[in-house]
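A quick write-up on the structure given underneath.
The values are calculated or read from the model by the stated rules, or taken from the named source; none is laboratory data. All of these numbers come straight from a predicted model, not from anything done at the bench. Neighbour counts run over all protein chains shown; Cβ positions are idealised from the backbone, glycine included.
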Amino acid sequence: MFVITHHFGALNTGYENLFGLKQASIRLGLEYGLLDKLGFGVGLNSDKNTWDGFLKYKVFRQSKGARRMPLTITLFASTAIYTTKWDDPTRKNYFTSRMSYAFQAIFARKFGDRLSLQLMPSLVHINMVLFVKIKTT
């Protein structure tokens with residue numbers, strides 16, 4: 001499946017930013033369900049020219065009957081790498097400094113035709129963040 005995702009900026013930025021339209025980023029992605037329980041995808045995001053990939057695996061599916069399962073539990077892992085030029089070329093930078101990772105355990109339950117709830121504890125790791133040196137006197 002080909003997916004186009006568009007994220008706008010904040011609406012309260014006013015007319016100067018066209019109420020968030022000028023701060024928009026777009027992601028073009030390809031996603032595929034390899035098996036009934038396993039999916040993967042790759043994509044390119046316009047923010048910092050970031051390439052990403054993910055795996056998603058459904059461990060349990062909510063069901064009734066002899067093998068009753070009250071929740072759907074899915075595991076998700078992704079990695080991304082941004083490919084824009086370094087802000088500070090004088091600093092020692094490594095390939096791994098451009099990478100970030102995200103992990104989620106997704107717990108979902110459908111309570112009928114009108115209500116579903118989902119809990120997604122997440123862990124995000126960014127290998128290198130912007131460091132601002134504070135001068136002390």
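Only one of these is exposed (fewer than 15 other Cβ atoms within 10 Å of the Cβ), among the hydrophobic types (A, V, I, L, M, F, W, C), under 15 Å from residue 105 (Cβ atoms) and within 13 Å of the chain's Cα centre (by Cα): 44, 55. Name it.
55
Pick out, from segment 96-137, the strands (runs of 3 or more DSSP E) lying fully within it that include 1 or more residues that are at pLDDT 85 or above and aromatic (Phe, Trp, Tyr).
Details: elements: 99-110, 116-119, 122-126.
In segment 96-137, 99-110 are the strands (runs of 3 or more DSSP E) which contain 1 or more residues that are at pLDDT 85 or above and aromatic (Phe, Trp, Tyr).
Quick one: would you say residue 57 is in contact with a Leu (Cβ under 8 Å, 6 or more places away or on another chain) and either part of a strand (DSSP E or B) or among the basic types (Lys, Arg) (or both)?
Working: in contact with a Leu (Cβ under 8 Å, 6 or more places away or on another chain): yes; either part of a strand (DSSP E or B) or among the basic types (Lys, Arg) (or both): yes.
Taking the combined requirement at face value, the residue satisfies it.
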